[in-house]
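Notes follow once the structure below has been shown.
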């Protein structure tokens with residue numbers, strides 16, 4: 001069996017561990033009012049958050065085994081992860097909550113927004 005090269009993230013748990021190492025230790029859940037920080041119970045709105053990183057996983061043996069791990073950062077400094085299924089099993093409430101949050105990858109210029117079409 002071949003070994004996995006150092007620095008390669010293996011699976012959802014590998015992504016969560018890598019993000020925790022980078023300080024993304026909180027978790028979020030969807031509530032009617034927005035996204036709730038699991039540790040504190042604080043409710044955050046889309047305008048209070050940015051997506052700093054995204055990891056998408058597709059099951060090797062089962063194409064239905066698909067998930068996405070998001071690294072979220074709030075304007076108040078909360079760093080955490082948010083997990084959803086991918087494809088037909090995605091949670092519509094989670095998809096709607098994430099739709100309004102801009103993607104600004106870390107180490108990328110501030111002007112780079114992956115989910116916004118540039119103006120002509």
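Values for this structure:
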{"item": "Qualifying residues in region 72-100 (those that are assigned to a loop (DSSP other than H, G, I, E, B) and over 24 Å from residue 14 (Cα atoms)) - the one modelled with the lowest pLDDT", "result": "100"}
{"item": "Residues located in region 62-71, provided they are modelled with pLDDT under 70 and either closer than 11 Å to residue 15 by Cα or crowded, with 19+ Cβ neighbours inside 10 Å (or both)", "result": "none"}
{"item": "Region 13-30: number of residues that are assigned to a helix (DSSP H, G or I) and either touching a strand residue (DSSP E or B) at 6+ places or on another chain (Cβ under 9 Å) or over 20 Å from residue 66 (Cβ atoms) (or both)", "result": "7"}
{"item": "Any hit, region 20-27, residues being modelled with pLDDT under 90, over 20 Å from residue 100 (Cα atoms) and surrounded by 14 or more Cβ atoms within 10 Å (Cβ to Cβ)", "result": "no"}
{"item": "Candidate set: region 31-61, residues that are assigned to a strand (DSSP E or B) and over 13 Å from the mean Cα position of the chain (by Cα); chosen: the one surrounded by the most Cβ atoms within 10 Å (Cβ to Cβ)", "result": "44"}
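The values are calculated or read from the model by the stated rules, or taken from the named source; none is laboratory data. All values reported here derive from a predicted model rather than from experimental measurement. Ideal geometry is used to build each Cβ from the backbone, glycine not excepted, and the neighbour counts take in all protein chains shown.
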